[in-house]
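Q: Here it is, the structure, as C-alpha cells.
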Amino acid sequence: MNPTDEHTTLAAPAPEVSAEVMATLTEIGEEVNASLDLDEVLARTAALIKRHIDYEIFGVLMFDGDGTHLKHRFSIGYPRELAENLRVPVGQGITGIAAATGHSVRVGDTLADPRYINAIENVRSELAVPLMLRNRCVGVLDIQSRHPDYFTREQQKIVTLLASRLAIAVENARLFEKVRTQAETLLLLNEVSRETGSILDVEELLRLAAEQTKRVIDYQILSIMLYDEEQKVFRHRVDVKHGQQAQGKLRVAVSEGIVGAAATLKEPVVVPDVTVDPRYLMVNPETRSELAIPMIHKGKVIGVLDLESPQPNYFTEDHVQTLSILAANLAVSLENARLYEQVARDEARLERDLQAAKRIQGALLRPVPTEDFGVDLAARYLSAREVCGDLYEFLRYGPHQLGIALGDVSGKGTAAALYGAVSIGIMRSLAPQKLQPAEMLRQMNQLVGERRIEGRFMTACFATWQRGRSKLRVANAGQSQPLLYKDGRCGKIELTGFPLGIYEDVTYDEWGVTLAPGDILVFHSDGIAETTNTEGQFFGTQRMRKLIEDKHEVTAAELADTVLREVDWFADSAPLADDRTLVVMKVR
C-alpha cells in the first residue's frame, strides 16, 4: 500500500510538538532513564504511554538471534504463548517494516492493509515506532487497538519522540543487562569448573557435564563425544534429548558432519539451518540448528560438545563464547579423569603383579630344614614393600652339614627382589660343590659380577655348620656383622668384606669356632639395627645383644619373634622404612 494512503503513515523525523507535550516527554524521559533494569524500563514505558494513549495491546519487540527477526521482550494484551513464540521477520508486517525502514508506521485500518500480520483477532489499528539509536534500530514499540483509525497524528508524534528517548534507555539497560548476565555466567562457569574439576570418574564427569551445561544454556539436544585414538573416531558417550539421558552408542569419523568440522578446524561451528548445510548428518530429524564446540587440551582435540535445537538460528554468539569456556574447562577435567583412570588401571595391574611376585618370592625362600642338624633354626622376614629385597637360604651339604645365608640387595621393591632371586639361583647352583663360606662368597661375587646391573649390588653373610664336629665357619661380604651368643655374653663376629657384584677377583676372610649347646648365632639385616624411633634414635645392635642375652633360654623361633616385636614397639609400629630379616641358629 502507498505510504501516503490515509490508512498508513510513515512519520517524518523531528516533528513539531507543543510545550505541553514536550513537558510530558521530559517527564517520560526522566522516568525511563531512572533505571538500568530493562524489564522495569519497559514496564514504566508502558505505564507512561497508557496515561496519554489508551491502548489495548502494547508490545516492545527486540531483535532475536542473528537480527533477522523480532521477538517480544515485553507485552500487554497478548496471550502468553503467542507473545513467547511470535517471531516477526524484519521487513514483514507493520513492526517488521518499521524496523527495516527506521520510520514509524501508523495503520488506520488493518483489514485494508495487506502487510498486517493477523496475530490477534479483531485488531483494527496499529502504531509501530522504531527505537532508533545513532541511525540504528534497536527495537520496535508497537501499540494496537480494536477500533479503526484509533491513533492520531499527534499521538504518533508523541510516541515517535518518546521512542528516541526510550531507545537510549533500552540500550543502556540492555548493555547493563548483558554485562550483568556475563558476570553471572562467569560466576556460574567458575562454579561449574570447580564441581567438574573435583571429579575423577569419567562417566560421572560426563553425566555432571550434561547437567551443568543445562545451567548455562537451555538446550534441547546435547551430545558429548570423545575421541577414540585407537579407532580414529568420535564416540557418543552421553546423549540427552529433551531431558531424557541415554548412553550414546553412535560414532562419527573425524572428517564427518558438523562434529568433524569443529574437530578439524579446532574452533566452534555454528549452523543456523542444518537443512541447507551439506555437512549435516541426519541423526535427529527434528534438528534445525546446531552448535559444535571442540574440547581441546594442549592443542589436541579430545572430544566435541555438540548441541542441537529444533529452532532455526537458535544459537547466538553469547552461546558460543560461554560454551567455549565450558568446553575448555571440561577438556581439562576430562583429561585429568582419563589420566586418573589410566593410573588406577596401571596401579591395579601393578598390584596384581606385585602380589604374584610376592607369592613367587615366598615360594623361592626355602622353609627351615626339618632334618636334624643338631640345631634349632628360625627364619623371619618383613618386607617394607610388597616384595622384599632381603633374602635367606639354607643349603644342605649332606646329612651332617648345612649352609646358612642371609643377603640384602641394594634398594627395595621389585628390582631388588628380582636381583635377590637371581642371587639365590646362583647360590643353589654352587651348592653341589659344598663350598665353604669364603670360597662360596668369592665364586658368588664372580658370577654376580658377570651379570652386573648398574647401581645394584648385594651384601651377604654365609656360614656352614658341621654337626659332628660342632664347627661353625662364617664369611661376610659387607653384611651387618652377625651376633654370637657364647659363654653367657653376646658379641659381634668381627668380619667385613666387599659386597657382591662391585669388584672382580675379591677374596673373603673366614672365621671358625666350635659351638656348645645353647650357643646362638644370629644373622640380621640392617633394617633391624637401623630402625629409628620418634626421637630419631637407632634400635642398634647393642639392644639386640642385650635382648639375646636376656632371652637366650627360649627357642630360636621365640627369640626371632621377640626381636621383631621389640623393634616394632621401639618404632611405635611405624611403617617399615627397610626390610627386616633374621636367621637364628641355636645349638641343641
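Q: Give the range 364-382 a look and list any residue that's surrounded by 22 or more Cβ atoms within 10 Å (Cβ to Cβ) and of a type in the set (Gly, Ala, Ser), or say none.
A: Across the range 364-382, the qualifying residue is only Ala379.
Q: Select, from Ala183, Ala210, Ala167, Ala173, the only residue that is out of contact with any His (no Cβ under 8 Å at 6 or more places or on another chain) and at pLDDT 80 or above.
A: Sole residue among the options that is out of contact with any His (no Cβ under 8 Å at 6 or more places or on another chain) and at pLDDT 80 or above: Ala167.
Q: Scan the range 526-546 and report the pairs whose first residue is within 13 Å of Thr581 (Cα to Cα) and whose second residue is among the aromatic types (Phe, Trp, Tyr), with Cβ atoms within less than 8 Å and a gap of 6+ or a chain change.
A: Listed by first residue and then by second, the contacts come to Ile528/Phe539; Ala529/Phe538; Ala529/Phe539; Glu530/Phe538; Glu530/Phe539; Thr531/Phe538; Thr531/Phe539; Thr531/Phe570.
Q: Separate question: Going residue by residue through the range 57-69, is there one that turns out to be more than 50 Å from the chain's Cα centre (by Cα), more than 30 Å from Glu317 (Cα to Cα), at pLDDT 90 or above and of a type in the set (Phe, Trp, Tyr)?
A: Taking every residue of the range 57-69 in turn, none turns out to be more than 50 Å from the chain's Cα centre (by Cα), more than 30 Å from Glu317 (Cα to Cα), at pLDDT 90 or above and of a type in the set (Phe, Trp, Tyr).
Q: Can you name the residue in the range 395-415 that is crowded, with 23+ Cβ neighbours inside 10 Å and under 17 Å from Ile502 (Cβ atoms) and is also modelled with the lowest pLDDT among such residues?
A: Among residues in the range 395-415 that are crowded, with 23+ Cβ neighbours inside 10 Å and under 17 Å from Ile502 (Cβ atoms), the one modelled with the lowest pLDDT is Val409.
Q: Do we find that Arg467 is touching a Pro at 6+ places or on another chain (Cβ under 9 Å), more than 30 Å from Gln542 (Cβ to Cβ) and assigned by TED's automatic domain parsing to the domain that holds Asp505 in this structure?
A: Considered against the rule, which asks whether it is touching a Pro at 6+ places or on another chain (Cβ under 9 Å), more than 30 Å from Gln542 (Cβ to Cβ) and assigned by TED's automatic domain parsing to the domain that holds Asp505, Arg467 comes out as yes.
Q: Hey, any hits in the range 502-519 for a residue that's of a type in the set (A, V, I, L, M, F, W, C), surrounded by fewer than 16 Cβ atoms within 10 Å (Cβ to Cβ) and under 25 Å from Gly374 (Cα atoms)?
A: yes
Q: Can I ask one more? Being free of Cβ contacts under 8 Å to residues at least 40 places away in the same chain, under 18 Å from Gln321 (Cα atoms) and not in a helix (DSSP H, G or I) is the filter here, so list the residues in the range 254-279 that pass it.
A: Result: Lys266, Glu267, Val269, Val271.
Q: Now, a different point. Are there any pairs, at least 6 apart or on different chains, whose C-beta atoms fall under 9 Å, with the first in the range 225-249 and buried (at least 16 other Cβ atoms within 10 Å of the Cβ) and the second modelled with pLDDT under 65 and in a strand (DSSP E or B), and if so, which?
A: Taking only residues 6 or more apart or on different chains, the pairs are Val238/Gln245; Val238/Ala246; Asp239/Gln245; Asp239/Ala246; Val240/Ala246.
Q: Identify, by number, the condition in (1) in contact with a Cys (Cβ under 7 Å, 6 or more places away or on another chain); (2) without any contact (Cβ under 8 Å) to a residue 40 or more places away in the chain that Ile117 doesn't meet.
A: Unmet condition: (1).
Q: Looking only at the range 357-394, count how many residues are farther than 22 Å from Pro575 by Cα, hydrophobic (A, V, I, L, M, F, W, C) and at pLDDT below 80.
A: 4
Q: Given (1) more than 23 Å from Pro89 (Cα to Cα); (2) surrounded by fewer than 21 Cβ atoms within 10 Å (Cβ to Cβ); (3) modelled with pLDDT under 90, where does Leu305 come up short, assuming only one miss?
A: For Leu305, the exception is condition (2).
The values are calculated or read from the model by the stated rules, or taken from the named source; none is laboratory data. Fair warning: this is a prediction, and the values are worked out from it, not measured in the lab. Reconstructed Cβ throughout: ideal geometry from the backbone, glycine too, with neighbour counts over all protein chains shown.
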